[in-house]
1. Given (1) open to solvent by 80 Å² or more (accessible area, probe 1.4 Å); (2) modelled with pLDDT of 95 or more, where does Glu98 come up short, assuming only one miss?
2. How do the pairs read when you match residues in region 162-181 that are in a strand (DSSP E or B) with residues anywhere that are acidic (Asp, Glu), using Cβ under 7 Å and keeping only pairs 6 or more apart or on different chains?
3. Can you find a residue in region 103-119 that is open to solvent by 30 Å² or more (accessible area, probe 1.4 Å), more than 20 Å from Gln83 (Cα to Cα) and either among the basic types (Lys, Arg) or assigned to a loop (DSSP other than H, G, I, E, B) (or both)?
4. From the residues in region 172-187 that are open to solvent by 20 Å² or more (accessible area, probe 1.4 Å), modelled with pLDDT under 95 and of a type outside the set (S, T, N, Q), which one is nearest to Arg88 (Cα to Cα)?
5. Scan region 151-175 for residues that are under 17 Å from Ala103 (Cβ atoms) and more than 23 Å from the chain's Cα centre (by Cα) and report the count.
6. Let me spell it out: the conditions are (1) in a strand (DSSP E or B); (2) loosely packed, with under 14 Cβ neighbours inside 10 Å, and Leu137 meets all of them except one. Which number is the exception?
7. Going by the conditions given, is His68 modelled with pLDDT under 95 and surrounded by 22 or more Cβ atoms within 10 Å (Cβ to Cβ)?
8. Which of the residues spanning region 140-156 are over 19 Å from Gly87 (Cα atoms) and open to solvent by 60 Å² or more (accessible area, probe 1.4 Å)?
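The values are calculated or read from the model by the stated rules, or taken from the named source; none is laboratory data. Remember, predicted model here, so these are calculated numbers, not experimental data. Because the Cβ atoms are built from the backbone with ideal geometry, glycine has one as well, and the counts that use them run over all protein chains shown. Just so you know, the surface numbers come from the protein's heavy atoms only, side chains and all, with ligands and any DNA or RNA stripped out. Shrake-Rupley method; radii C 1.70, N 1.55, O 1.52, S 1.80 Å.
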Amino acid sequence: MSVTEQAPGAGGDGGPEAGTDEDRARLRDRIGADSLTTRRDYLRIVATVSGGLAIGGIGVASGILHRHGDSESLPPARKVADQLLPGRSVAFRFPGDEDRALAVRLADGTLVGYSAVCTHLACAVLWREDRGPDGELYCPCHEGVFDARTGEVTAGPPPRPLPRIFLTEQPDGSVWAIATARSGETAKDALCRQFRDTRPEMAQRLGCPGAAGAPAGHLAPDRRRT
């Protein structure tokens, strides 16, 4: 029974002062118990929600959860757009159908691509073209900001730069996504990791460890084993 449902105290109009000392003591105990229960329930909810957010953040930071571009193999190339003009962006999926990505043509014609998943708590990242000469990559969930030219963090809580996506433009003007890089990974390391087994001739041309001196189309067998 809640406090508001209590029966009137004996000997009066039902107010706290009308009953005996024992009645008033019982009423105070019930009020205290109800208040404590309310506080406990509130704290339990807060702890559950906060804990879930913390686990998600720790999981993303430590690599427990899926990260963009984690695959060791080269993903199938994917067409991003028939054409991408300066000052425009396009959202797409790469390397998998569940991986959000963003391609941007900067004002000077430079073509850049990134994961569109914030490295803080995996919210969606957008491109705001009106923020500076290159625009900026922005996460509205917690005010995270990334440099549009490099993907590096420039403001807010994100702990790491955005993973890069390597784009290529064909003679007909179409834009294709061909490979990915993990957050903070150099272009050479990323391409060597993905080309080593699937495009060994490219790995050779890049001078990738494990591919140097191997015949075109093959890896040196003694360097494929660890």
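1. (2)
2. Listed by first residue and then by second, the contacts come to Val175/Glu169.
3. No, because not a single residue in region 103-119 is open to solvent by 30 Å² or more (accessible area, probe 1.4 Å), more than 20 Å from Gln83 (Cα to Cα) and either among the basic types (Lys, Arg) or assigned to a loop (DSSP other than H, G, I, E, B) (or both).
4. Only one residue tops the list, namely Ile178.
5. Matching residues across region 151-175 total 7.
6. (2)
7. Against the criterion (modelled with pLDDT under 95 and surrounded by 22 or more Cβ atoms within 10 Å (Cβ to Cβ)), His68 qualifies.
8. Scanning region 140-156 gives Pro140, Cys141, His142, Glu143, Glu152, Thr154.
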